[in-house]
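The values are calculated or read from the model by the stated rules, or taken from the named source; none is laboratory data. Keep in mind the model is a prediction, meaning the values are calculated, not measured. No Cβ is skipped: glycine too gets one built from the backbone with ideal geometry, and neighbour counts run over all protein chains shown.
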Amino acid sequence: MVNIMVRLLLVRHGESVWNEEERVQGQQDIPLSEIGRKQTVALGKRLKSIDISVCFSSPLKRAFETAELVLTASSKIVPIVTLPELMERNFGDWEGRRVDELKSLFAHDFSHWLSSNYIPPPPNGESLGDLLARSERGIKKILAQVQNGTVLVVGHSGSVKAAICFLFQLPIQSFAKLRIDNASLTIIEIRDGQSWLILLNDTCHLHKTVSENERCSICK
């Protein structure tokens, strides 16, 4: 039998109101949408059989609410520790804007950002390098506190992808090639300092959480 030292359950928050409106959120404190709440409950039910020892969450509302709903739906009573390092990337002047607005109001900057693998900072925002360094500090804090067991880590698309890049020592350009959907589950096991990818961006628990007429992140 494989001796699992630390298992990280990396979760992106459920769909938020601004995900629904296709607005850039960044570090704005936006709540979950109704669909997002359904998604997180479905994920929690999926995790019922897993023994979770502690939960770390971004302090932003959409992530913390996801953590609460997942733990409630999975019948877990464990502490939720907030870590600012797990927050989404700061998108500066782009926050609150729709993508079509970015293409018109910030045409040059946005085009350069896309062609540069998301590495440069948006105007008055955070560079990808800064996000990766911050996320690395957060994961190191978690691993310093938990040497054994299963940990629920709730964050954002950016912070989950940054954690993957750190744990597998991927080049910074790899970040743009990763996809992390709302309420998705990524599992990484760490044994003797070696990271093992068990599951990536899995959303099978969402398939029956919304009707065919409702908007669902897995159908985009």
Problem set entry | Scan of region 169-208 for residues that are closer than 19 Å to LYS140 by Cβ, of a type outside the set (A, V, I, L, M) and not in a loop (DSSP other than H, G, I, E, B), ordered by number | PHE175, THR186, GLU189, ARG191, GLN194, SER195, TRP196
Problem set entry | Among (1) in a helix (DSSP H, G or I); (2) touching a Cys at 6+ places or on another chain (Cβ under 6 Å), the one test that GLU65 misses | (2)
Exercise. Do any residues in region 191-208 that are at positive phi have Cβ atoms under 8 Å from those of residues that are in a strand (DSSP E or B) and hydroxyl-bearing (Ser, Thr, Tyr), where the two are at least six apart or on different chains, and which pairs are they?
Worked result: ASN201/THR186
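Let's see how each residue does on (1) within 17 Å of the chain's Cα centre (by Cα); (2) among the β-branched types (Val, Ile, Thr):
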position: TYR118; (1), (2): yes, no
position: ARG137; (1), (2): yes, no
position: VAL146; (1), (2): no, yes
position: VAL151; (1), (2): yes, yes
position: GLY155; (1), (2): yes, no
position: ALA162; (1), (2): yes, no
Seminar exercise, completed: Picking from VAL54, VAL17, VAL99, VAL24, the residue that is at pLDDT below 95 and more than 18 Å from ASP202 (Cα to Cα) would be VAL99
Exercise. Filter region 107-148 for residues that are part of a helix (DSSP H, G or I) and among the charged types (D, E, K, R); which is surrounded by the fewest Cβ atoms within 10 Å (Cβ to Cβ)?
Worked result: LYS140
Problem set entry | Every pair of residues 6+ apart whose Cβ atoms lie under 6 Å, when the first sits in region 25-43 and is hydrophobic (A, V, I, L, M, F, W, C) while the second is in a loop (DSSP other than H, G, I, E, B) and surrounded by 24 or more Cβ atoms within 10 Å (Cβ to Cβ) | LEU32/GLY14; ILE35/GLU15; LEU43/ALA183
Exercise. Applying the selection to region 29-62, what residues are closer than 19 Å to GLU15 by Cα, part of a loop (DSSP other than H, G, I, E, B) and not acidic (Asp, Glu)?
Worked result: ILE30, PRO31, SER33, LEU47, SER58, PRO59, LEU60
Exercise. Has region 9-20 got any residue that is in contact with a strand residue (DSSP E or B) (Cβ under 9 Å, 6 or more places away or on another chain) and surrounded by fewer than 18 Cβ atoms within 10 Å (Cβ to Cβ)?
Worked result: yes
For this session: Kindly establish whether ARG7 is of a type in the set (Lys, Arg), more than 15 Å from the chain's Cα centre (by Cα) and farther than 21 Å from LEU152 by Cβ.
Result: no
For this session: Confirm whether LEU71 is aliphatic (A, V, I, L, M) and within 21 Å of SER184 (Cα to Cα).
Result: yes
Exercise. Closer than 28 Å to ARG97 by Cβ and surrounded by fewer than 18 Cβ atoms within 10 Å (Cβ to Cβ) - does that describe any residue in region 155-172?
Worked result: yes
Problem set entry | So ILE77, is it among the aliphatic types (A, V, I, L, M) and touching a strand residue (DSSP E or B) at 6+ places or on another chain (Cβ under 6 Å) | no
Problem set entry | Residue match in region 97-106 (condition: buried (at least 16 other Cβ atoms within 10 Å of the Cβ) and more than 21 Å from SER16 (Cα to Cα)) | yes
